[in-house]
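The numbers here are math on the coordinates, done by the rules we state, and not lab data. From a predicted model like this one, the values you see are computed outputs, not experimental measurements.
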Amino acid sequence: MEMLKKRIIPCLDVKDGRVVKGINFLDLVDAGDPVRQAKFYSENGADEICFLDISASLENRDTILKMVERTAEEVFIPLTVGGGVRSIENIQNLLKAGADKVSINSAAIKDPNIIKNSSKYFGSQCIVVAVDVKKDGASWKVHSHGGTKNTNIDALDWLKKVEDLGAGEILLTSMDKDGTKSGFDLEILSRANDLLGIPVIASGGVGSVKHFYEGVKIGKADALLAASVFHFNEFSIMDVKNYLKEKNIEVRI
């Protein structure tokens, strides 16, 4: 497994078809357009793009589908879309619109069979399960509904179950670390990777290029996701890749 190239994935939070966490690239007049954003990242070294539809209300479905269609026409790296995915039909519509993978979170907690059914139906490579965790004493608990509800499910038990049900990949976000810029939660990451045979995408906490290295080296992550550090141009995706390459980590340059 070690020889697979590590992926760097910028994540765009989208609401009503616009990118919401302000993005200040100098060469983008309109920082709110997700298609232009995604294109910029794909031309500047991103391995994949992740869209998170944070409004994700049902009446907004058409907005996100149109956005995915427009992005798929312009961007030629894998696109993962998540947020409010509740059914096989939702997944089918997103894949048909041009998403390569669909990320499920709260719906999987509510009914784990959606993982099993969708991975059978579409292939596990299309199904990413997003897991938001928070430390609770000596363990981690899974949170749902955008991190607002503590389900009291043990995170490591849930990760194993998700893999057994057929998920192709896990997007693991540490809520303790998210937004702190203090680095990934390396403890839960490395434990998750010791436990699982499917790829884990690390999310939450990036503040420096060194954090990406730690995510791979200590956390054993297969892919590393970040938002604000890229959006605010603190460093570029290529800065990260060059740094990793110097440290003998395989990346796609």
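Quick notes on this one:
- Over the chain, DSSP H runs of length four or greater, each weighted -39,500 (n - 2.57), average out per residue to a 222 nm ellipticity of -10500 deg cm²/dmol.
- Based on alpha-carbon atoms, the Kirkwood radius and the radius of gyration of segment 193-244 give Rg/Rh equal to 0.98.
- Residues whose placed amide H lies under 5 Å from that of residue 205, excluding near-sequence neighbours: 179, 180, 181
- Partners for residue 116 among aspartates and glutamates (Cα-Cα distance below 17 Å; same-chain residues under 8 apart left out): 89, 157, 163, 164, 169
- Shown here: segment 102-168, whose C-alpha atoms stretch 38, 20, 16 Å along the first, second and third principal axes, sorted largest to smallest.
- Euclidean distance between Cα centres, segment 122-136 to segment 44-120, Å: 13 Å
- Per residue, the convex hull around the alpha carbon atoms of the chain comes to 113 Å³.
- Rg over Rh, two decimals, segment 59-193 (C-alpha only, Kirkwood Rh): 0.98
- Taking all Cα-Cα distances within segment 155-253, those exceeding 16 Å account for 54%.
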